[in-house]
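The values are calculated or read from the model by the stated rules, or taken from the named source; none is laboratory data. Quantities reported herein were computed from a predicted structural model and do not represent experimental measurements. Methodologically, a virtual Cβ is constructed for each residue, glycine included, from the backbone with ideal geometry; neighbour enumeration extends over all protein chains shown.
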């Protein structure tokens with residue numbers, strides 16, 4: 001969104017500050033509002049379509065102290081570290097770094113990782129993505145077979161706002177971070193996305209299918225609602 005100051009200079013409001021800003025406009029809105037998107041770690045400004053852009057600029061400036069405080073309160077982003085214990089596909093796994101070790105390998109609930117230490121996080125993340133593609137495909141395919149629906153494939157993505165999605169072509173996408181969730185939450189998400197193969201909405205029929213595929217879906221769903229933001233701390 002571009003605005004023009006009294007100096008005649010025109011620029012994008014979203015790029016006018018030294019923090020990430022997203023601007024949402026709508027004719028339905030009646031007033032300006034600011035909030036912090038914790039997953040995407042940015043400031044969201046919502047304003048009516050008719051609202052003056054210069055006033056929007058001034059509104060943000062008036063709330064800079066609040067914005068800086070809220071951004072400072074956001075938890076710091078995390079990298080995987082040597083000695084850290086993580087949940088991986090529902091099992092507690094300890095990361096063990098050894099520069100002489102080769103490709104990441106899981107042995108008796110210890111994930112051994114070698115190479116240069118500065119690339120430790122990336123190597124573990126890549127490993128989780130590779131394993132998640134196999135693990136999640138098998139889980140998803142098994143559930144799809146239960147309701148006689150064809151699964152075209154599974155893709156692991158690095159999304160910032162969605163845990164999963166199901167396309168009209170019966171292809172399901174998962175966020176790699178869900179591999180770090182408890183098993184009950186993984187099972188819930190698989191059931192949720194597979195249910196979309198039969199119902200592309202969130203109707204009562206959809207939720208009945210979720211419950212049919214996973215009778216304990218509620219517990220997994222509540223964990224994700226409460227702790228999902230913690231998984232997004234991993235870069």
Exercise for review: Tell me which residues, restricted to the range 43-52, are under 15 Å from residue 15 (Cα atoms) and surrounded by fewer than 16 Cβ atoms within 10 Å (Cβ to Cβ).
Suggested key: 44
**Study point:** Residue within the range 188-209 that is crowded, with 21+ Cβ neighbours inside 10 Å and either in contact (Cβ under 8 Å) with a residue 60 or more places away in the chain or not assigned by TED's automatic domain parsing to the domain that holds residue 109 (or both) present
**Key:** yes
Check your understanding: Within the bounds of the range 219-226, is there any residue that is touching a helix residue (DSSP H, G or I) at 6+ places or on another chain (Cβ under 7 Å), buried (at least 16 other Cβ atoms within 10 Å of the Cβ) and not in a helix (DSSP H, G or I)?
Key -> no
**Study point:** Any chance residue 89 is buried (at least 17 other Cβ atoms within 10 Å of the Cβ), at positive phi and modelled with pLDDT of 95 or more
**Key:** yes
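When you scan the range 163-173, do you find a residue that is touching a residue at least 40 places away in the same chain (Cβ under 8 Å) and surrounded by 15 or more Cβ atoms within 10 Å (Cβ to Cβ), even just one?
Within the range 163-173, one or more residues are touching a residue at least 40 places away in the same chain (Cβ under 8 Å) and surrounded by 15 or more Cβ atoms within 10 Å (Cβ to Cβ).
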Study note, to complete from the structure: For the range 11-68 the number of residues that are in contact (Cβ under 8 Å) with a residue 24 or more places away in the chain, within 28 Å of residue 226 (Cβ to Cβ) and part of a strand (DSSP E or B) is 5
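Do you know which residues across the range 95-128 are assigned to a helix (DSSP H, G or I) and surrounded by fewer than 16 Cβ atoms within 10 Å (Cβ to Cβ)?
117, 118, 119, 122, 126
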Check your understanding: Which residue out of 70, 133 is surrounded by fewer than 18 Cβ atoms within 10 Å (Cβ to Cβ), at pLDDT below 95 and under 23 Å from the mean Cα position of the chain (by Cα)?
Key -> 70
Revision key, fill the gap. Filtering the range 142-162 down to residues that are out of contact with any helix residue (DSSP H, G or I) (no Cβ under 9 Å at 6 or more places or on another chain) and outside any loop (DSSP other than H, G, I, E, B) yields 145
Check your understanding: For residue 179, which of the numbered conditions (1) in contact (Cβ under 8 Å) with a residue 40 or more places away in the chain; (2) in contact with a helix residue (DSSP H, G or I) (Cβ under 7 Å, 6 or more places away or on another chain); (3) surrounded by fewer than 20 Cβ atoms within 10 Å (Cβ to Cβ) fails to hold?
Key -> (3)
